[in-house]
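Take a look at the structure below.
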Amino acid sequence: MKRLALWLALLGSLLLGAAPAWAQAGAAQGKLPIRIGFQTGEVNVLLSYAVQSGLFEKEGLAVTLAQFPAGPAMLPALAAGEVDLAWMGEFPAVTGYANGLPIEILFMERIDATNVRLVANPAAGIASLPDLKGKRIGVAIGSTSHYHLLRALAQAGLKAEDVRLVNLAPANMPPAYAAGQIDAAFVWEPNVGAMERMGAKPIASTKSLGMITGGVWVARKAFVTGSGPAVQRFLKAWDRAQKDYADDPAAVRAAEAKRIGMGGPDFDALVAGQSVAHPSFRQTLTADFLGAPGQEMDSRLMKHLHGIAAFLVAEKRIQAPPADWSGLFDTKPIQTYLAGASQ
């Protein structure tokens, strides 16, 4: 617990001025409260739709939304019990768990094949991965973009020392590219698309590098244990959102397109560029995702998270990988939901 307290104090000091802005999405007597954290700099079609269409309220939930600039900023809020559920990438989830935060992954909400892309300025003479040697590359150090870049460099026979890494927040990469301060960048939508609209050309992606990445729903263990009915209502609303998306993609995307200020056709193009898949709850319980009950340790996602932990240790982002990974996945709520839905 001492290590956790020290780590949270350090992280909190780094995040001064980045406190979440709270927004009430609806509350009424008799509804179960649930506080959801999300990233403003990410694309989350289903969450925006579920909120704007009132799916959570229809299932008897009083939702409070909390905005954060990135996944790591949610970890102190989860530790303080200010957020119950949080949508984030795999890296902050592993970071928090490795540092003793009592959190668990309920499911992988989406898997992205091409959302994270390496783009380069053609004027810099970069047409393929070997051309990166000696170039200035924007990455968010310690994040999935950094992890992706190291894999890309290795495939080209290069090392980190062979390029000039420029540590930038994702939102700062397009301005840096426009100003000629970087020659390339490895990042995700919507910022990677912004650079492509400036003329940057894609060189590599998660798919081309043989990797996986996506977004996961993380919950406080105490919330899952003490608020089972609220978790089940959340899962029911989310299941409905997934089905609505399959039936009418354009209608479901409209809420998120409005949130980030894009027109329908432009937003459709952005989503197409992500190559996103939203696993069903039944797919969640397979080896491709969190694994069948009792077989979570052998799942593709668990093995992926082990690789992330090794990377974070090497980059001195965490002191050591988790001693016990068994508490990170909790598919029991989904099992309960599926059992009830089949009756």
Debye equation applied to the C-alpha atoms of the chain, log10 I(q)/I(0) at 0.10, 0.13 Å⁻¹: -0.59, -1.03
Accessible area of the chain belonging to carbon and sulfur atoms, whole % at 1.4 Å probe: 55 percent
Rounded Å value of the spacing that divides the Cα centres of segment 180-246 and segment 50-68: 19 Å
Formal net charge of residues neighbouring Gln242 (Cβ-Cβ distance under 13 Å; K, R +1; D, E -1): 0
Whole-percent pair-distance distribution, where bins are 5 Å wide, for the alpha carbons of segment 116-209: 3, 16, 31, 29, 17, 3
Sequence-distant residues sharing a close amide H with Met88 (under 5 Å, placed H): Val216, Val218
Derived scalar couplings ³J(HN,Hα) [segment 219-235; Karplus, 6.51 cos²θ - 1.76 cosθ + 1.60; whole Hz; x for Gly, Pro]: 10, 5, 4, 5, 5, 4, 5, x, 10, x, x, 5, 4, 5, 5, 4, 4
Inter-label distance for Gln67 and Asp247, nm, one decimal - labels placed 7 Å from Cα along Cα-to-Cβ: 3.1 nm
Contour excess over end-to-end distance, with Cα ends at Gln181 and Gln295 and 0.36 nm allotted per residue: 36.3 nm
HN-Hα J in Hz across segment 177-189 - Karplus 6.51, -1.76, 1.60, θ = phi - 60°, x for Gly and Pro: 5, 4, 7, x, 7, 9, 9, 7, 8, 10, 7, 10, 5
Nonlocal amide H pairs with Lys135, under 5 Å, H built at 1.01 Å: Arg164
Out-of-range pairs (alpha-carbon distance over 26 Å; input Lys236/Lys303; Lys133/Lys303; Lys201/Lys243; Lys133/Lys207): Lys236/Lys303; Lys133/Lys303; Lys201/Lys243
Segment 116-209, relative contact order in percent, only Cα pairs under 8 angstrom and at least six apart counted: 47 percent
Accessible solvent surface per residue of the chain, calculated while the other protein chains remain in place, 1.4 angstrom probe, Å²: 42 Å²
Cα long-axis angle, helix 2-14 against the chain (0 to 90 degrees, to the nearest 10): 60 degrees
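The values are calculated or read from the model by the stated rules, or taken from the named source; none is laboratory data. Computed from a predicted model, the values in this text were never measured in an experiment. As a convention, Cβ positions derive from the backbone with ideal geometry for all residues, glycine included, and neighbour counts pool all protein chains shown. The accessibility values were calculated without ligands, DNA or RNA, using every heavy atom of the protein model including side chains. Shrake-Rupley method; radii C 1.70, N 1.55, O 1.52, S 1.80 Å.
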